[in-house]
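Peer 1: Pasting a structure here, questions to come.
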Amino acid sequence: MPPTVPFVRRIDHGPHPELLEALRRELPELQVVAHADLTDEQRAATTVAIVDGPSGEQLAALPNLALVQSTWAGVEEIIPAVPDGVAIARMVDPQLAATMAEAGLAWTLFLHRDMPRYARQQQARVWKEHPPVKAAERRIGIVGLGALGRAAARTLVDQGFPVTGWSRSPKVVEGAECVHGAGGLAELLGHSDIVVNLLPRTETTDGLLDAAAFATMPTGASLINFGRGHTVDDAALFDALDSGHLDHAVLDVFDVEPLPSEHRFWSHDAVTVLPHISGPTSTDTAAVIAADNVRRFLADGELPTDALVDRARGY
Ligand code: NAP
């Protein structure tokens, strides 16, 4: 019998037949089986699982697990669900990076070309021109220079924007200024007209964009949050927007999702709410990458280093 690879997805997330089919197509030599359909024998023999938002109980029912391959880039929910000693591979997909970079460009242009202001003017039937700012004069700061942040940085550099990126360790992105460490963040915030967050959620990024961070940003600057809601202190963001210090926030991610209908973000004039759509998993390409990683791990126990999650670091 070929080895079984369970496809594990929390029951309350509902089934994902397209992804399950794509994984079966990419791993014809293995038996890819939905977690709920595993026999006791298959559960006991499982060493590798592909997960798309699993529960801890589902993974605990696989006693010989050695690798969990996630279809998501963000792993803060997966780390606590995966038993100690089991390797975690996250999704690093050039198609995902391209989609996220496109979102970075789209919402940067939305702010750069003053679309929120022209939308408000239309509501009030106001015909009034505002002088455009050249791309070369609109400074973009990207916090998080991982697979997604680097792709976003390159796209914005190509579009003529001056880009600064921030990460924990030193990075090189052609055409962009790269800074790191605590001093690097203050430097980036101090000279960015638009800050794009692409950090993972970890203990050190929770609440990182707080009142002090917003105060460091120039008056009239804007925020785009594609990373995780928890990185932004919501109360501090409201204060910065209400006082007029910050101009606008484009928010794709929130502490609680879906964003509760009574939340003030929905109706705030200076906030654009998006339903976590900037970088969805691409089913077909994610299936190819998950299949390659699983095949490689089963053959020689190796994984691409950029996919391997460091539990202590939290991403
Ligand atoms: P990644 O490759 O792991 O990159 C993370 C980046 O953040 C790295 O540059 C890392 O620095 C930096 N970083 C982490 N902690 C830091 C800290 N304390 N101080 C400074 N820099 C820090 O992750 P990715 O694939 O680019 O994805 C980033 C995040 O995007 C995901 O974790 C997820 O939360 C979010 N996401 C959102 C969507 C959406 O639809 N909205 C879709 C996919 C992903 P080093 O390079 O030095 O390690």
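The values are calculated or read from the model by the stated rules, or taken from the named source; none is laboratory data. The model shown is predicted, which means the values in this text are computed figures rather than measured ones. Using ideal geometry, Cβ is built from the backbone for each residue, glycine included, and neighbour counts are taken over all protein chains shown. Heavy atoms of the whole protein, side chains included, go into the accessibility calculation; ligands, DNA and RNA do not. Shrake-Rupley method; radii C 1.70, N 1.55, O 1.52, S 1.80 Å.
Peer 1: Just checking, does the stretch 235-247 include any residue being buried (at least 18 other Cβ atoms within 10 Å of the Cβ) and within 15 Å of the ligand (Cβ to nearest atom)?
Peer 2: There is no residue in the stretch 235-247 that is buried (at least 18 other Cβ atoms within 10 Å of the Cβ) and within 15 Å of the ligand (Cβ to nearest atom).
Peer 1: Which condition number does residue 163 fail, the rest of (1) touching a residue at least 60 places away in the same chain (Cβ under 8 Å); (2) away from the ligand (no atom under 13 Å from the Cβ) being met?
Peer 2: (1)
Peer 1: From the set of residues in the stretch 202-224 that are over 19 Å from residue 273 (Cβ atoms) and within 11 Å of the ligand (Cβ to nearest atom), which is surrounded by the most Cβ atoms within 10 Å (Cβ to Cβ)?
Peer 2: 205
Peer 1: Here is a follow-up. Would it be correct to say that residue 186 is in a helix (DSSP H, G or I), surrounded by fewer than 17 Cβ atoms within 10 Å (Cβ to Cβ) and more than 8 Å from the ligand (Cβ to nearest atom)?
Peer 2: Taking the combined requirement at face value, the residue satisfies it.
Peer 1: Hey, another quick one. Exactly one of (1) open to solvent by 10 Å² or more (accessible area, probe 1.4 Å); (2) part of a helix (DSSP H, G or I); (3) among the hydrophobic types (A, V, I, L, M, F, W, C); (4) away from the ligand (no atom under 16 Å from the Cβ) is unmet by residue 98. Its number?
Peer 2: (4)
Matching residues to (1) in contact with a strand residue (DSSP E or B) (Cβ under 8 Å, 6 or more places away or on another chain); (2) open to solvent by 20 Å² or more (accessible area, probe 1.4 Å); (3) more than 14 Å from the ligand (Cβ to nearest atom):
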residue: 253; (1), (2), (3): yes, no, no
residue: 272; (1), (2), (3): yes, yes, no
residue: 276; (1), (2), (3): no, yes, no
residue: 280; (1), (2), (3): no, yes, no
residue: 291; (1), (2), (3): no, no, yes
residue: 295; (1), (2), (3): no, yes, yes
residue: 300; (1), (2), (3): no, yes, yes
residue: 308; (1), (2), (3): yes, yes, no
residue: 312; (1), (2), (3): no, yes, no
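Peer 1: (1) of a type in the set (D, E, K, R); (2) in contact (Cβ under 8 Å) with a residue 40 or more places away in the chain; (3) closer than 19 Å to residue 7 by Cβ: which one isn't true of residue 77, the others all being true?
Peer 2: Against the list (1) of a type in the set (D, E, K, R); (2) in contact (Cβ under 8 Å) with a residue 40 or more places away in the chain; (3) closer than 19 Å to residue 7 by Cβ, residue 77 comes up short only on (2).
Peer 1: Tell me the residue from 149, 165, 227 that is open to solvent by less than 10 Å² (accessible area, probe 1.4 Å), in contact with a Leu (Cβ under 7 Å, 6 or more places away or on another chain) and either hydroxyl-bearing (Ser, Thr, Tyr) or part of a loop (DSSP other than H, G, I, E, B) (or both), please.
Peer 2: Of the residues listed, the single one that is open to solvent by less than 10 Å² (accessible area, probe 1.4 Å), in contact with a Leu (Cβ under 7 Å, 6 or more places away or on another chain) and either hydroxyl-bearing (Ser, Thr, Tyr) or part of a loop (DSSP other than H, G, I, E, B) (or both) is 227.
Peer 1: If you don't mind, there's one more thing I want to ask. Which of the residues that make up the stretch 255-270 are without any contact (Cβ under 8 Å) to a residue 40 or more places away in the chain and open to solvent by 80 Å² or more (accessible area, probe 1.4 Å)?
Peer 2: Across the stretch 255-270, the qualifying residues are 256, 257, 258, 261, 262, 264, 266, 267.
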